[in-house]
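*Asks:* Structure below; questions to follow.
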Amino acid sequence: MDYRKLYSEIMILPVWDTHNHLDGSKYLCAQSFWDIVHYFWFVRELEGVGYPWVAEAMEMPKKERAEAFAKAFDIGRNTYWNQSLRQMLKDLWDVEITDSKSILEADERIAETGQRRGWAREVCERFSINTITVNRISDNGLQDMEDIVCIMGGCRLPGARQLQEIQKSSDQLTIIKQEAVKIKSHLVDLFNKGFHVLRVQPPTGVDIPELQKSGNKIEDIDEYLKHYLFRILDENKAHLQIFLGMEAPAEDYEPRTKAHRHYAVNDTRRIADIHDIFDMYSQCTFEIINAAQLSNLDIVQAARIYPNVVPGGLWWFNFRASTYKETMQYRLEALPATRCTLPASDARCIEWCYCKTHLVKRLLADFLWDRLERGWLDHELAIYVAREWLYDAAARFYRGLK
Ligand SMILES: [Zn+2]
């Protein structure tokens with residue numbers, strides 16, 4: 001048994017990508033080099049070493065932009081994302097980025113594959129990405145991928161502005177009841193169409209506010225409707241994706257820079273505070289996609305208590321080698337492999353789905369090899385864990401086979 005053997009076996013295991021933003025209405029495959037490298041989460045590494053903010057970069061002549069990119073990309077060559085991106089450019093377009101010329105060459109090749117029918121499927125096949133979970137399918141773009149797409153439902157509750165409008169009314173209760181009817185009919189429609197996986201945000205606590213005809217607080221209206229929604233989800237045994245650990249800065253502050261200012265929050269009470277919700281809606285499964293490093297262990301602990309808690313993908317700031325390896329150990333040592341999902345690419349184009357899947361598979365191979373060498377696993381067990389985390393567990397949850 002050697003590392004290369006385990007690595008190659010993991011590379012061909014099927015993958016269920018549990019979260020991304022592919023929809024085909026804009027583009028499914030990257031249409032240019034810039035569609036890939038300006039991925040909002042990657043480009044920060046370059047902006048930090050002198051590459052202009054994306055909007056400004058796009059106004060520069062292509063050659064000048066390519067020069068600025070080559071310089072920043074070279075400075076940042078130590079990061080894992082930088083290395084993964086280089087690997088992908090080599091694998092998919094046989095280009096090595098060394099200077100502006102190679103960038104313009106990559107740009108041409110990417111423009112060609114962007115128009116090539118079947119390219120998205122080909123990219124998925126490279127790493128056995130068998131299923132991608134998307135938020136919606138637009139009228140074009142994903143039709144010929146239907147067999148590998150899993151569509152997730154959603155339910156939009158009244159947002160901040162709408163809640164303010166409701167609060168201004170002298171008969172809040174009537175409007176709130178109308179909103180509840182809309183929620184119910186939307187969900188009934190989804191369940192009738194066979195959806196049972198939804199992306200939603202949970203209520204804050206277990207107390208359901210008793211609303212009055214008027215004078216209710218915005219937080220109480222919001223909480224009431226969330227509980228209304230969750231009662232229906234519970235009755236229908238829905239599988240829920242919930243996203244935790246990320247916050248946005250206050251909207252009333254006028255930023256001086258064009259930096260992407262969302263950040264991860266390591267709130268040490270975040271998971272403990274929703275334990276009651278896991279219990280209250282015990283017929284739902286809660287797949288937690290998490291951006292905050294310090295919640296990774298708490299999520300595994302919650303899954304040891306509640307059979308309906310599913311540790312899921314690592315998201316945004318949590319998508320890094322150190323947190324993956326740490327999280328893999330938390331999960332391996334304490335939870336049956338069938339209880340966790342792992343890949344959540346958050347990709348905006350199919351190529352990032354490839355890039356991130358490659359990184360996750362590589363980290364998984366490293367992690368399992370290390371455990372194997374130390375005698376905690378044998379080869380068969382390592383592959384069983386990898387198979388469950390990459391695909392099988394998600395397939396059961398998403399197909400409603402708990
Ligand atoms: Zn996302």
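*Asks:* Go through region 292-297 residue by residue and turn each phi into a ³J(HN,Hα) via Karplus (6.51, -1.76, 1.60, θ = phi - 60°); whole Hz please, and just put x for glycine and proline.
*Replies:* Each residue of region 292-297 in turn: 10, 3, 6, 8, 4, 6 Hz.
*Asks:* Gap in Å between the Cα centre of region 104-174 and the Cα centre of region 261-319?
*Replies:* Spelled out, the Cα-based centre of one part sits 24 Å from the other.
*Asks:* Now for a separate question. What translational diffusion coefficient, in µm²/s and rounded to a whole number, does the Stokes-Einstein relation yield for region 331-382 at 25 °C and a viscosity of 0.890 mPa s, taking the hydrodynamic radius as the Kirkwood radius over Cα pairs?
*Replies:* Values: Rh = 12.5 Å.
Answer from the Stokes-Einstein relation: 196 µm²/s.
*Asks:* Sticking with this structure for a sec: Relative contact order of region 30-115: what whole-number percent is it, with Cα pairs under 8 angstrom and at least 6 residues apart?
*Replies:* Working: 78 pairs, mean separation 35.8, N = 86.
Reported relative contact order: 42 percent.
*Asks:* Continuing with this model, one more query. Efficiency by 1/(1 + (r/R0)^6): what FRET value for N236 and E333, r their Cβ-Cβ distance, R0 = 25 Å, to the nearest 0.05? List each step's numbers first, then the result.
*Replies:* Details: r = 34 Å, r/R0 = 1.35.
For R0 = 25 Å, the calculated efficiency reads 0.15.
*Asks:* A follow-up question, please. Given a Förster distance of 25 angstrom, what is the FRET efficiency for Q178 paired with N135, based on the Cβ-Cβ distance and rounded to 0.05?
*Replies:* Values: r = 26 Å, r/R0 = 1.03.
With R0 = 25 Å, the Cβ-Cβ based efficiency is 0.45.
*Asks:* Percent antiparallel among DSSP beta bridges with both residues in the chain, to the nearest 5?
*Replies:* Working: 2 of 23 bridges.
Antiparallel bridges: around 10 percent, rounded to the nearest 5.
*Asks:* Using Cα pairs under 8 angstrom and six or more residues apart, how large is the relative contact order of the chain, in percent?
*Replies:* Numbers: 617 pairs, mean separation 90.0, N = 402.
Result for the chain is 22 percent.
*Asks:* Also, I was wondering about something else. Taking amide hydrogens as modeled 1.01 Å from N in the peptide plane, which residues meet the under 5 Å criterion relative to M246, leaving out close sequence neighbours?
*Replies:* Result for M246 returns V265, A291.
*Asks:* Now, a different point. For A259 and D99 in the same chain, what is the full-extension length gain: residue separation times 0.36 nm, less their Cα-Cα distance, in nm? Provide the component values of the computation, followed by the final result.
*Replies:* Details: separation 160, 0.36 × 160 = 57.60 nm, distance 2.58 nm.
Taking A259 through D99 to full extension adds about 55.0 nm, to one decimal.
*Asks:* Mind checking the full-extension length gain between R44 and E122? Use 0.36 nm per residue of separation minus the Cα-Cα distance, one decimal, nm.
*Replies:* Details: separation 78, 0.36 × 78 = 28.08 nm, distance 2.87 nm.
Contour length minus the Cα-Cα distance gives 25.2 nm.
*Asks:* Which percent of the Cα-Cα distances in the chain go past 37 Å? Intermediate values should be presented prior to the final figure.
*Replies:* Working: 21947 of 80601 pairs.
Value for the chain (Cα pairs over 37 Å): 27 percent.
*Asks:* Per residue of region 332-349, in order, report the coupling 6.51 cos²θ - 1.76 cosθ + 1.60 (Karplus, θ = phi - 60°) as ³J(HN,Hα) in whole Hz, putting x for Gly and Pro.
*Replies:* Each residue's phi maps through the Karplus curve to give 4, 6, 10, 10, x, 4, 6, 8, 10, 10, 9, x, 9, 6, 6, 5, 9, 9 Hz.
*Asks:* Give the relative contact order (percent, whole number) for region 75-208; include only Cα pairs under 8 Å separated by 6+ residues. Provide the component values of the computation, followed by the final result.
*Replies:* Working: 70 pairs, mean separation 22.5, N = 134.
Worked out over region 75-208, it gives 17 percent.
*Asks:* Pop a pseudo-label 7 angstrom from the Cα along the beta-carbon direction at both R396 and D279 and give the gap in nm to one decimal.
*Replies:* 2.5 nm
*Asks:* Suppose the chain between S185 and S214 were pulled fully straight at 0.36 nm per residue; how much longer would it get relative to their current alpha carbon spacing?
*Replies:* Roughly 8.0 nm would be gained on extension.
Quick note: the coordinates plus some simple rules give every number you see, no bench work behind them. A quick note: this is a predicted structure, and the numbers were derived from the prediction, not measured. Glycine gets a Cβ as well: all are built from the backbone with ideal geometry, and neighbour counts include every protein chain shown.
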